[in-house]
Amino acid sequence: HSAERSTLDAIEVSSRPIAITHANPSFWHPARRNKSDDVLKALGESGGMLGFSLYPHHLKGGTNCTLDSFC
């Protein structure tokens, strides 16, 4: 649970890839926990991973979100 700058700092200073275990891209749905393009780019470039969040507040469409919404 970290904000934009602290997430980017963690990616930068970590000697190993990090995992963001429960968030989604903010371009897909602008929830507070979802991550920006800058974070996702840095995460990918460092070999890190993003685990999608299925919590309704993080999903476009909330509880009406389906698997097709991710694809």
Does any residue of the stretch 26-33 turn out to be closer than 25 Å to ARG5 by Cβ, assigned to a loop (DSSP other than H, G, I, E, B), of a type in the set (Ser, Thr, Tyr) and in contact (Cβ under 8 Å) with a residue 12 or more places away in the chain?
no
Which number in (1) surrounded by 14 or more Cβ atoms within 10 Å (Cβ to Cβ); (2) of a type outside the set (Gly, Ala, Ser); (3) outside any loop (DSSP other than H, G, I, E, B) marks the one condition that LYS41 misses?
(1)
Among the residues in the stretch 2-10, are any modelled with pLDDT of 90 or more, loosely packed, with under 13 Cβ neighbours inside 10 Å and either in contact with a His (Cβ under 8 Å, 6 or more places away or on another chain) or not charged (D, E, K, R) (or both)?
yes
If we scan the stretch 36-56, do we find a residue that is of a type in the set (Asp, Glu) and within 13 Å of GLU4 (Cβ to Cβ)?
yes
State yes or no: is ARG16 in a loop (DSSP other than H, G, I, E, B) and either in contact with a Ser or Thr (Cβ under 8 Å, 6 or more places away or on another chain) or over 18 Å from SER69 (Cα atoms) (or both)?
yes
Filtered residues of the stretch 19-38 (kept if buried (at least 17 other Cβ atoms within 10 Å of the Cβ) and either of a type in the set (S, T, N, Q) or modelled with pLDDT of 95 or more (or both))
ILE20, ASN24, SER26, ASN34, LYS35
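The values are calculated or read from the model by the stated rules, or taken from the named source; none is laboratory data. Note that the structure is predicted; figures quoted are calculated from it, not measured. Glycine also receives a Cβ, built like all others from the backbone with ideal geometry; neighbour counts cover every protein chain displayed.
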